[in-house]
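Below: the structure, in structure tokens.
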Amino acid sequence: AEARKRLGPDMKVQGNIDPGVLFGSQAFIRDRIVDTIRKAGHEGHILNLGHGVLPGTPEDNVRFFFETAKQADQLMAVHA
């Protein structure tokens, strides 16, 4: 949120989610995605994991992260 304020709405930003989040529940993962997008702004934001996928991360959660991220428009409309 601070970076977005400093950079303004026209600057593109990349906002990382801690890869440890993928060890949590799918609801927790979804909530972190929504929170990150809200803070970074929905437009001009690249969502990704901070350091990639950690060893031992549940594959279903990795899949859920990327499938959920691809549906960001719908997700943000529901959580508005």
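Here are a few things to note about the model shown:
- Condition check for residue 30: part of a helix (DSSP H, G or I), charged (D, E, K, R) and within 9 Å of the chain's Cα centre (by Cα): yes
- The single condition among (1) modelled with pLDDT of 90 or more; (2) exposed (fewer than 12 other Cβ atoms within 10 Å of the Cβ) that residue 12 does not meet is (1).
- Among the residues making up region 57-76, those that are touching a residue at least 24 places away in the same chain (Cβ under 8 Å) and part of a loop (DSSP other than H, G, I, E, B) are 57, 58.
- Look at region 1-20: where a residue is under 30 Å from residue 58 (Cβ atoms) and in contact (Cβ under 8 Å) with a residue 12 or more places away in the chain and a partner is polar (S, T, N, Q) and assigned to a helix (DSSP H, G or I), sitting 6+ places away or on another chain with Cβ atoms under 9 Å, you get 15/36; 16/36; 17/36.
- Which numbered condition residue 54 misses (of (1) in contact with a Pro (Cβ under 7 Å, 6 or more places away or on another chain); (2) at pLDDT below 85; (3) not small (Gly, Ala, Ser)): (2)
- Condition check for residue 43: loosely packed, with under 14 Cβ neighbours inside 10 Å, in contact with a helix residue (DSSP H, G or I) (Cβ under 9 Å, 6 or more places away or on another chain) and modelled with pLDDT under 85: no
The values are calculated or read from the model by the stated rules, or taken from the named source; none is laboratory data. These numbers were taken from a predicted model, which means no experiment stands behind them. We place every Cβ from the backbone using ideal geometry, glycine too, and count neighbours over all the protein chains shown.
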